Protein chains: 2
Amino acid sequence: MVNEEIMKSLAVKTESKIVLLVADGIGDLPSENNKTVLEKAFIPNLDKLASKSACGLTDPISYGITPGSGPAHLSLFGYDPIKYQIGRGVLEALGIGMELTSDDLACRGNFATMDKEGIIIDRRAGRIATELNEKICRIMQDKISQIRGAEIIIRPGMEHRFVVVFRGKGLEEGLSDADPQVVGQKLKYTEPLRPEADEAAKIINEFIDKAIEVLREQSPANAVLLRGFAKHPALPTMGELFKLSPAAIATYPMYKGLAKLVGMEILEAGETIEKEFKTLKENYQKYDFFYLHIKKTDSYGEDGNFKKKVEIIEEVDKYIPELLILKPDVLVVTGDHSTPAILKGHSWHPNPFMLFSKYIRVDEVKQFNERECVKGGLGRFSAVDVLPLMLANALKLRKFGA
Amino acid sequence: MVNEEIMKSLAVKTESKIVLLVADGIGDLPSENNKTVLEKAFIPNLDKLASKSACGLTDPISYGITPGSGPAHLSLFGYDPIKYQIGRGVLEALGIGMELTSDDLACRGNFATMDKEGIIIDRRAGRIATELNEKICRIMQDKISQIRGAEIIIRPGMEHRFVVVFRGKGLEEGLSDADPQVVGQKLKYTEPLRPEADEAAKIINEFIDKAIEVLREQSPANAVLLRGFAKHPALPTMGELFKLSPAAIATYPMYKGLAKLVGMEILEAGETIEKEFKTLKENYQKYDFFYLHIKKTDSYGEDGNFKKKVEIIEEVDKYIPELLILKPDVLVVTGDHSTPAILKGHSWHPNPFMLFSKYIRVDEVKQFNERECVKGGLGRFSAVDVLPLMLANALKLRKFGA
């Protein structure tokens, strides 16, 4: 991608509409009968669309690099994922649906078990039940609401995990983890790695002391380990960079959070794929860019559940005709990264990609899957080029130079 | 490739094993019956491997750029060849098998002929015989062993060429060539191009004066021209960057030297292809990364000897089954650059490439050659991405971001 300044100077506001449909982790490796999920699935509508589209394969970061959801999505949204690295704490907060502001410093927490000498003997407090976690977080929140002028916001996650947000002016990142990482060592405090983080370190360490005080009677959850301290990053919005009015349709908090980071409007999209497509239809007149996110292709990939991953993409396929009725000027269908069922996790393999618009060179790809996309006219390219390509096909980019 | 800091943070040590088989200069241009060397050769084992691999084409540097062996190999080893430029003097020293240390400043030398007025009248001293070169180098070495505290090491090359290494603390590069480049001009001294190189310049110029003194009776080899002054570069090792324990199996000094520069262990590999594969087998348990280098595909390419280049790759093909018996987790077969027989030299054409592992999307390539690899699922990519890709397929890379 050309740099942000050039993109800014080329982008123009127009009436044309772009839909980016992301089937999370859709890319797969051959497994059942040597087929991938896309090859196995009955997806006549996606296949038909592929035969009328320009296809290819995209790399979220670069060859061999397996991305997390954060960097993989930033790439697709047109942001350099190396330049804009979002800290763990922020992603975790977004993941449980917290709303962050530019004054926030967030971190991930574990409840842990500490013995009488202050030695950590279980970094996960025996993986306490989520209900107990919720109760303990409420108790902590009641007792600890403010430290040195900063607001403290505590939210439970699953089992032993929680998130703390320190909200206040001048709280900077650059802090070591307050986590010994191994059992058999003492509880650890954070240390500022640069002078700007001094005040934040004081607040965090005071929080740790107060938390231990509150948790005294809560064994096994009688200590906290905090890590991944990160400030809410100030990203330029998609409006500023690309002159878009973008909206996000997603069911999971993490993706809503990521979309919000780049300035998308978050639409109420329920919990089903049906409701997501309905949301698109209902809001189609109000925005010029739609990010529609399908989560469960990834979830079932992570579970190693090939069959269910197939079912999800078959369900998505059913909604393609009504999406096409909206006549988007540009429609892209792709993944953010691959989640092969046989790997039960994200992988480094490129994403199948297709772009449908009036101004493409249709290629020889007749089916939407990994092997067919190899033959695509778009070749193999960086996911960070997807956004410029969509803008171009929507006639939203001026000529560069004269 | 992502930057070195990120690679460092993602790489993990595992038991899995990687073999990188480099047939030097294997890439070719169609000549005999419009076939390239790989198309002409009978290579059933490599073809069979291609049909089970992910294939593609790699560019050592970038489109149109013909690389020397140094940058082409650095790329394959995962080092940015633009960032790490190794000076000619160092490559020349490595090429004749000299062992360099971090205190060394090396240069290439020519014996030349100077007339009574000090004018250079032959820059190659009539291309004196290598035996005479060796004799003269011994005489020089006897008379000149130290200057201003620096050790002087002189080694003969072929014909009129030799190498001088200046070994001492604080000898820095940044020196002009002590070579008029054309005949009819006076013998030239080096000049420091930056203050740090002042001391080195004094030593080098004193060396030139002493050499002329020693060579007074050795006409036509009565002068020395020195160029390509370069310090032994301190590259991070493959162990530091990628957490590998790498070993090199090569028959030519230059490649052993390059491998040593990036921290590989150099295995005793004899002089034949048979012995090289035997060395791999014997040492297979001791390392987790093997670089196996076949030199003669390049040598015969440089000679324009199409037939012999075919024979060499056919010989390599015979050893593929016993390599596969070792069950490497990742096996890559490729070249470092192309050396088309009709060009009699290195060229800018991309390298045929195949990667075999458990976690690939097998593509439609059925034969290992330039034209087939165009259809490969890996597409056309930078050689500097080969190492990350091998690490990923060996499950030696963590996820980037969350």
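Readers should treat all values here as calculations from the given coordinates under stated rules, not as data from a laboratory. Worth saying up front: this structure is predicted, and the values here are computed from it rather than measured. We place every Cβ from the backbone using ideal geometry, glycine too, and count neighbours over all the protein chains shown.
Using equal-weight Cα scatterers in the Debye expression, the normalised intensity of segment B:67-120 in log10 at q = 0.17, 0.21, 0.25, 0.29 Å⁻¹ is -0.66, -0.84, -1.02, -1.15. Each copy carries a label point for A:ASP103 at 7 Å from Cα along the beta-carbon vector; from one copy to the others these points are 6.1 nm apart, nearest first.
With K and R counted +1 and D and E -1, the other residues having a Cβ less than 12 Å from that of A:LEU225 yield a net charge of +4. Distances between copies of A:GLY401, taken at a point 7 Å out from Cα along the Cα→Cβ vector and listed shortest first: 3.0 nm. Straight-distance candidates among the aspartates and glutamates for linking to B:LYS396, with alpha-carbon spacing under 18 Å and chain neighbours fewer than 8 residues away dropped: B:GLU4, B:GLU5, B:GLU15, B:GLU240, B:ASP288, B:ASP329, B:ASP385. Over segment B:276-402, the hull volume per residue, using the convex hull of the C-alpha atoms, is 129 Å³.
With 27 Å as the limit, write out which pairs from A:LYS8/A:LYS52; A:LYS286/A:LYS309; A:LYS281/A:LYS358; B:LYS243/B:LYS281; A:LYS286/A:LYS358 have Cα-Cα distances beyond it, or answer none. Check vs 27 Å cut-off fails for A:LYS8/A:LYS52; A:LYS286/A:LYS309. Compute the helix-to-body angle for A:130-143: its Cα long axis versus the longest principal axis of chain A, expressed 0 to 90° and rounded to tens. Once rounded, the angle reads 60 degrees.
The string of couplings for segment B:108-125 from the Karplus curve (6.51, -1.76, 1.60, θ = phi - 60°) is 8, x, 10, 6, 9, 10, 10, 8, 5, 8, x, 8, 6, 10, 8, 6, 10, 6 Hz, one whole number per residue in order, with x for Gly and Pro. Among A:THR334, A:THR237, sorting on how many other beta-carbon atoms sit within 10 Å of each Cβ, with the fewest leading, yields A:THR237, A:THR334. Note on chain A: dipole from Cβ charges, positive end direction compared against A:LEU171, A:LEU280, A:THR190; the farthest Cα belongs to A:LEU280. Taking the axis that rotates chain B onto chain A, the chain B residue nearest to it by Cβ, with the distance rounded to whole Å, is B:GLY379, 3. Between the amide H of A:LEU100 and any residue lying 5 or more places away or on another chain, no distance stays under 5 Å, with hydrogens modeled in the peptide plane. Checked against a 24 Å cut-off, the cross-linked pairs A:LYS188/A:LYS344; A:LYS40/A:LYS295; A:LYS307/B:LYS13; A:LYS231/A:LYS278 give Cα-Cα distances beyond that limit for A:LYS188/A:LYS344; A:LYS307/B:LYS13; A:LYS231/A:LYS278. Placing a label point 7 Å from Cα along the Cα-to-Cβ axis, A:ILE119 is separated from the same position in the other copies by 8.8 nm, shortest listed first. By the equivalent-ellipsoid construction on the alpha carbon gyration tensor, chain B comes out with semi-axes of 41, 24, 18 Å, ordered largest to smallest. Taking amide H as placed 1.01 Å from N in the peptide plane, A:VAL163 has its amide H under 5 Å from the amide H of A:GLY109, A:ARG155, A:GLY157, each at least 5 places away in sequence or on another chain. Expressed as a whole percent, the proportion of Cα-Cα pairs in segment B:237-319 lying more than 19 Å apart is 42%. The phi torsions of segment B:269-274, fed into the Karplus equation with coefficients 6.51, -1.76 and 1.60 and a -60° offset, translate into couplings of 10, x, 10, 10, 5, 4 Hz, rounded to whole numbers, with Gly and Pro shown as x. Name the residue farthest towards the positive end of the dipole of segment B:179-330 from the options B:ALA211, B:PHE289, B:MET238, assuming +1 on Cβ of Lys and Arg, -1 on Cβ of Asp and Glu, about the Cα centre. Farthest along the dipole direction, towards plus: B:ALA211. Summary value for chain A: 33 percent relative contact order, contacts being C-alpha pairs under 8 angstrom separated by 6+ residues. Comparing A:PRO340, A:ILE312, A:LEU267 along the charge dipole axis of segment A:247-355, the residue lying farthest to the positive side is A:PRO340, per the Cβ-charge model. Note on B:GLU134/B:VAL12: beta-carbon distance plugged into 1/(1 + (r/R0)^6) with R0 of 35 Å gives a FRET efficiency of 0.10. Remark on B:HIS232: its backbone amide H falls under 5 Å from those of B:ASP104, B:ALA106, a criterion applied only to residues 5 or more positions apart or on other chains, H modelled at 1.01 Å from N. Computed from label points 7 Å out along Cα-Cβ, the spacing between B:GLN141 and A:ILE121 is 6.9 nm. The Cα-based radius of gyration and maximum Cα-Cα distance (Dmax) for the protein assembly as shown are 31.2, 98 Å. Model label points for A:LYS399 and B:ARG380, set 7 angstrom from Cα along the Cα-to-Cβ axis, are 2.7 nm apart.
The shape of segment B:167-309 can be summarised by an equivalent ellipsoid whose semi-axes, obtained from the alpha carbon gyration tensor, come to 39, 23, 13 Å from longest to shortest.
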